[in-house]
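Colleague: The structure that follows is given in the form of structure tokens.
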Amino acid sequence: MTQNELKQQVAEAAIAFIDEDSILGIGTGSTVNCLIEALAASGKRIKAAVSSSEESTRRLQQIDIEVLDLNTAGSLDLYIDGADEFDANRYLIKGGGGALTREKIIAAAARRFICIVDQSKQVKVLGKFPLPVEVIPMARSMVARKLVALGGQPEWREGFITDNGNWILDVHNLDLVDAAGMERTLNNIPGVVTCGIFALRKPETILMSTASGTERF
Ligand code: 5RP
């Protein structure tokens with residue numbers, strides 16, 4: 001199976017978790033794009049969606065799904081999103097697509113979070129994927145120095161502006177053995193909007209696509 005077929009397979013498996021007439025939280029990325037396509041193909045009608053990015057909003061509207069502001073929608077039953085890495089604790093690294101802040105907000109607003117991934121995202125210890133950190137532009141250099149002091153090597157994702165008008169530092173070689181501790185530490189640095197560790201609010205379920213089917217953790 002190609003990686004795209006694996007993404008399609010897990011996206012199709014996730015459709016069974018979506019209730020008709022519900023308001024669904026939707027993440028960002030190529031796996032979520034497969035989910036949006038699978039939702040359209042399934043014929044299942046949801047009431048509306050809350051989206052974590054301008055890109056997912058555009059794709060949802062293309063299939064005639066109303067996209068609500070989170071302030072209007074209130075709390076959500078279910079949020080579905082992909083990830084860049086996950087470990088055996090169901091801790092995640094997210095933000096490869098730069099949508100980590102809205103993703104974290106929607107995850108916090110949802111009663112249930114399902115993460116959809118293919119097997120290539122499974123790791124023993126988080127951190128091979130450089131950790132995205134969204135920063136307020138004026139704080140970029142200061143935050144970068146603090147990240148170096150924590151043992152990381154930040155790289156500015158130059159030219160990329162988040163949907164919130166901020167910048168991203170991709171941090172290599174941070175020690176993420178204590179993922180929840182590092183999430184707290186990074187989120188406490190002034191100028192950091194949020195980091196891409198999802199340990200304090202982790203998914204209840206991970207659906208992982210393999211060549212022999214979809215596994216559930
Ligand atoms: C975007 C994300 C995505 O979930 C993550 O990058 C995975 O993307 P893909 O499904 O394309 O592999 O966190 O900010």
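The values are calculated or read from the model by the stated rules, or taken from the named source; none is laboratory data. Everything numeric here is computed off the predicted structure, so don't read it as measured data. Glycine gets a Cβ as well: all are built from the backbone with ideal geometry, and neighbour counts include every protein chain shown. The accessibility values were calculated without ligands, DNA or RNA, using every heavy atom of the protein model including side chains. Shrake-Rupley method; radii C 1.70, N 1.55, O 1.52, S 1.80 Å.
Colleague: Which residues, counting only those in the range 167-194, are open to solvent by less than 20 Å² (accessible area, probe 1.4 Å) and either polar (S, T, N, Q) or outside the structural domain of ARG157 (by TED's automatic domain parsing) (or both)?
Modeller: Selection gives THR194 alone.
Colleague: Can you say whether ILE106 is among the β-branched types (Val, Ile, Thr) and open to solvent by less than 40 Å² (accessible area, probe 1.4 Å), as far as the supplied structure shows?
Modeller: yes
Colleague: Check whether at least one residue in the range 2-19 is among the aliphatic types (A, V, I, L, M), open to solvent by 10 Å² or more (accessible area, probe 1.4 Å) and within 15 Å of the ligand (Cβ to nearest atom), and report yes or no.
Modeller: Checking the range 2-19: at least one residue is among the aliphatic types (A, V, I, L, M), open to solvent by 10 Å² or more (accessible area, probe 1.4 Å) and within 15 Å of the ligand (Cβ to nearest atom).
Colleague: Of all residues in the range 67-82, how many are in contact with a helix residue (DSSP H, G or I) (Cβ under 9 Å, 6 or more places away or on another chain), of a type in the set (Asp, Glu) and away from the ligand (no atom under 16 Å from the Cβ)?
Modeller: Counting residues in the range 67-82 that are in contact with a helix residue (DSSP H, G or I) (Cβ under 9 Å, 6 or more places away or on another chain), of a type in the set (Asp, Glu) and away from the ligand (no atom under 16 Å from the Cβ) gives 0.
Colleague: If you take just the helices (runs of 4 or more DSSP H) that sit entirely in the range 3-83, which of them hold at least 3 residues that are touching a residue at least 12 places away in the same chain (Cβ under 8 Å) and either closer than 18 Å to THR162 by Cβ or in the same structural domain as GLY98 (by TED's automatic domain parsing) (or both)?
Modeller: 3-15, 30-42, 54-62
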